[in-house]
Amino acid sequence: MNGAQALLKTLADAGIEVCFTNPGTSEMHFVAALDSEPRMRAVLALFEGVATGAADGYARMADKPAATLLHLGCGLGNGLANLHNARKGKVPVVNIVGDHATYHTQYDAQLQSDIETVARNVSPGFVRTAQSTAALCQDAADAIAAARGLPGQVATLVLPADVSWGEGGQPCPPPAPPAPTAASDEAVQAIAQAIRAGEKTIVLLGGHALREGALRSAARIAAHSGVQLLAEVFPTRMERGAGLPAVERVAYLAELAGVQLAGARHLVLVDAKSPVSFFAYPGKASDLVPAGCTVHTLCSPAQDAAASLDKLSAALGASATQPPLAPAQRPGRPRGPLTAPKVCKAVGHLLPENAILIDEAITSGLMLGVMTAGCPHHDLITLTGGAIGQGLPNAVGAAIACPNRPVIALIGDGTAMYTIQALWSMARENLHVVSVIFNNASYSVLNVELERVGAEKAGPKAKSQLDLKGPVLNFAQLAQGMGVHAVRASTAEDFCQALEYALAHPGPHLIEALVPESLAGPKRKVLPWLLRALPSLPPQVARALKRKIAP
């Protein structure tokens with residue numbers, strides 16, 4: 001075997017079955033070797049950000065890493081945004097980045113760059129350049145072990161061309177899977193004591209604590225001991241729907257998150273980070289933990305969240321408690337002129353059993369959570385790192401990981417244009433993905449932020465940087481040009497008909513929802529005032545306003 005052939009066998013032996021590729025000259029021996037390994041599926045992406053985002057979406061649903069194949073430092077750089085999202089979501093990815101032959105680097109050719117420095121932005125725990133064909137597969141096994149460890153991470157292996165084409169490659173056996181431990185007895189007893197004290201306690205769930213088993217344990221604790229459950233603002237993957245415990249997510253807007261956390265004396269972190277404001281704002285705190293609140297860590301992302309919650313449940317005597325579960329209910333069928341809330345209502349009305357719901361709708365998706373809370377059991381994937389352009393590539397990866405499950409991706413118009421090439425990969429692979437693009441011809445969330453950060457009054461030049469009206473994009477035509485069945489909808493009736501058709505017919509579909517901005521005009525003007533007023537309002541009034549703004 002040459003190095004590339006041995007590398008592919010090492011990957012496949014370790015259970016890595018998919019490689020999302022955007023190759024160049026230095027990767028040609030790896031590309032040629034793909035035919036030597038029948039267990040490896042190769043999926044071509046037309047942009048590196050699609051390849052990295054697809055690997056992220058795949059791993060979230062498959063619970064194991066995929067590989068990427070990228071071309072030099074520039075190709076890695078093109079994929080950084082979605083690798084950033086994977087890093088923030090603690091998602092396992094094995095990144096393979098081709099490089100010039102080891103003896104060629106001295107010439108500083110046009111595409112020569114410092115790949116390791118670029119990679120450390122998203123792979124702080126594992127970056128390695130293979131130095132020889134003989135050592136390549138051990139390097140790969142180490143990368144796989146790093147990616148699959150807890151917490152999951154992006155592991156980057158730089159593959160020089162001559163290491164790839166060199167003869168004498170020796171496949172390595174797969175690394176042992178991680179064996180996570182539960183929370184320590186000391187942590188469990190300390191938190192149980194704090195909960196028994198009867199002061200307001202919030203348990204913040206993140207990562208694997210938002211899977212079904214852990215959710216049920218957390219809900220038993222809440223029902224037995226009166227604690228409040230919250231989920232991270234942007235979950236990596238959250239199981240939800242009828243028959244599962246319903247958990248409210250921390251709000252994106254810091255002022256609304258403050259309402260949710262107000263009065264807490266104890267905050268218990270379960271595979272979650274202590275909440276902070278998404279951005280800094282003049283005169284506002286970045287740390288969202290209320291004054292006087294003690295933060296406890298039940299388990300870190302490197303530990304077993306479900307087992308840790310089971311231990312805490314047992315310590316509190318809650319193991320036999322029956323928790324409240326979300327009832328089965330759907331919103332009615334929407335009618336009339338199409339709006340973003342009506343799109344969310346239609347999705348809730350029609351969402352099929354066992355769907356994968358991807359939310360990158362930004363402001364247009366404000367009603368999605370409440371409209372789908374009682375739908376059949378489904379998984380929710382969100383924008384973990386905040387770098388837009390994740391949703392469409394995630395849909396590619398999720399559909400490949402779960403070919404028998406429908407995937408619905410709700411995407412804002414601005415974010416869709418970052419990785420629109422994902423539609424081509426959906427068509428090429430014939431994936432059953434329904435992409436819903438909210439076309440409101442605006443970077444609506446940035447218009448909201450302009451009001452919140454206290455910037456000077458925006459003039460025409462400033463406002464033009466935040467709208468997409470010149471010209472208005474036609475996503476249906478873009479999708480058709482890449483082989484995806486697509487329609488436009490401007491009424492709720494047309495949207496429901498299009499969604500029913502897309503769910504009933506395998507293959508990729510795109511529905512372009514022509515909607516007005518959800519937060520525009522008077523709503524956008526009054527929002528900053530309302531947010532500033534929240535801390536001075538009675539708690540019940542503040543909570544009611546929070547539910548009205550972001551249910």
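Residues in the range 317-363 that are surrounded by fewer than 23 Cβ atoms within 10 Å (Cβ to Cβ), in contact with a Pro (Cβ under 8 Å, 6 or more places away or on another chain) and among the charged types (D, E, K, R): Glu353 alone. The single condition among (1) over 30 Å from Leu527 (Cα atoms); (2) assigned to a loop (DSSP other than H, G, I, E, B) that Val434 does not satisfy is (2).
For the range 244-281, the tally of residues that are assigned to a loop (DSSP other than H, G, I, E, B), out of contact with any helix residue (DSSP H, G or I) (no Cβ under 6 Å at 6 or more places or on another chain) and among the small types (Gly, Ala, Ser) stands at 7. If you go through the range 343-377 and keep only what is of a type in the set (D, E, K, R) and within 22 Å of Arg249 (Cβ to Cβ), you end up with Lys345, Asp359, Glu360. Annotation: of all residues in the range 290-338 being of a type in the set (Ser, Thr, Tyr) and assigned to a strand (DSSP E or B), the one that is nearest to the chain's Cα centre (by Cα) is Thr297.
Checked against the criteria, Pro471 counts as closer than 30 Å to Arg428 by Cβ and at pLDDT below 90. Entry remark, the range 125-142: residues being touching a helix residue (DSSP H, G or I) at 6+ places or on another chain (Cβ under 8 Å) and more than 14 Å from Val97 (Cβ to Cβ) number 6 in total.
For the range 215-259, enumerate the residues that are more than 23 Å from Leu368 (Cα to Cα) and in contact (Cβ under 8 Å) with a residue 40 or more places away in the chain. Outline the logic, then answer.
As a first pass, look at the range 215-259 and keep what is more than 23 Å from Leu368 (Cα to Cα): 217-218, 220-227.
Hits for the range 215-259 are Ser217, Ala218, Arg220, Ile221, Ala222, Ala223, His224, Ser225, Val227.
I'm trying to understand the selection: among the residues of the range 99-153, which are more than 13 Å from Ser164 (Cβ to Cβ), without any contact (Cβ under 8 Å) to a residue 40 or more places away in the chain and among the acidic types (Asp, Glu)? Across the range 99-153, the qualifying residues are Asp108, Asp142. Any residue in the range 260-278 that's on the phi > 0 side of the Ramachandran plot: show its pairings with residues that are outside any strand (DSSP E or B) and surrounded by fewer than 18 Cβ atoms within 10 Å (Cβ to Cβ) at Cβ separation under 6 Å, as long as the two are six or more apart or on different chains. That search, which allows pairs on different chains as well, returns Gly263/Lys200.
Please go through the range 384-406 and give me each residue that is over 24 Å from Leu446 (Cα atoms) and either within 14 Å of the chain's Cα centre (by Cα) or assigned to a helix (DSSP H, G or I) (or both), ordered by number. It would help to see each step written out before you state the result.
Kept after step one, since they are over 24 Å from Leu446 (Cα atoms), are these residues of the range 384-406: 395-406.
Residues satisfying the conditions are Ala395, Val396, Gly397, Ala398, Ala399, Ile400, Ala401.
Here Ala489 fulfils each of the conditions (1) touching a residue at least 40 places away in the same chain (Cβ under 8 Å); (2) surrounded by fewer than 16 Cβ atoms within 10 Å (Cβ to Cβ); (3) small (Gly, Ala, Ser) apart from (2). I'm told Ala476 meets every condition in (1) in a helix (DSSP H, G or I); (2) of a type in the set (A, V, I, L, M, F, W, C); (3) surrounded by fewer than 18 Cβ atoms within 10 Å (Cβ to Cβ); (4) without any contact (Cβ under 8 Å) to a residue 60 or more places away in the chain except one. Can you identify the failing condition by its number? So the condition that Ala476 fails would be (3).
Please tell me if Thr419 is in contact with a Ser or Thr (Cβ under 9 Å, 6 or more places away or on another chain), in a loop (DSSP other than H, G, I, E, B), surrounded by 18 or more Cβ atoms within 10 Å (Cβ to Cβ) and polar (S, T, N, Q).
On the way: in contact with a Ser or Thr (Cβ under 9 Å, 6 or more places away or on another chain): no; in a loop (DSSP other than H, G, I, E, B): yes; surrounded by 18 or more Cβ atoms within 10 Å (Cβ to Cβ): yes; polar (S, T, N, Q): yes.
No.
For the range 503-515, state whether one or more residues are part of a helix (DSSP H, G or I) and in contact with a His (Cβ under 9 Å, 6 or more places away or on another chain). Looking for residues that are part of a helix (DSSP H, G or I) and in contact with a His (Cβ under 9 Å, 6 or more places away or on another chain), one finds at least one in the range 503-515, hence yes.
Scanning the range 47-62 turns up one or more residues that are crowded, with 22+ Cβ neighbours inside 10 Å, assigned to a helix (DSSP H, G or I) and free of Cβ contacts under 8 Å to residues at least 40 places away in the same chain.
Looking for something farther than 27 Å from Ala264 by Cβ and basic (Lys, Arg) - is there at least one such residue anywhere in the range 186-203? Scanning the range 186-203, I find no residue that is farther than 27 Å from Ala264 by Cβ and basic (Lys, Arg), so the answer is no.
The values are calculated or read from the model by the stated rules, or taken from the named source; none is laboratory data. In this text the structure is predicted, and so the values were computed from the model without any measurement. Note that we place each Cβ from the backbone using ideal geometry, even for glycine, and neighbour counts take in every protein chain shown.
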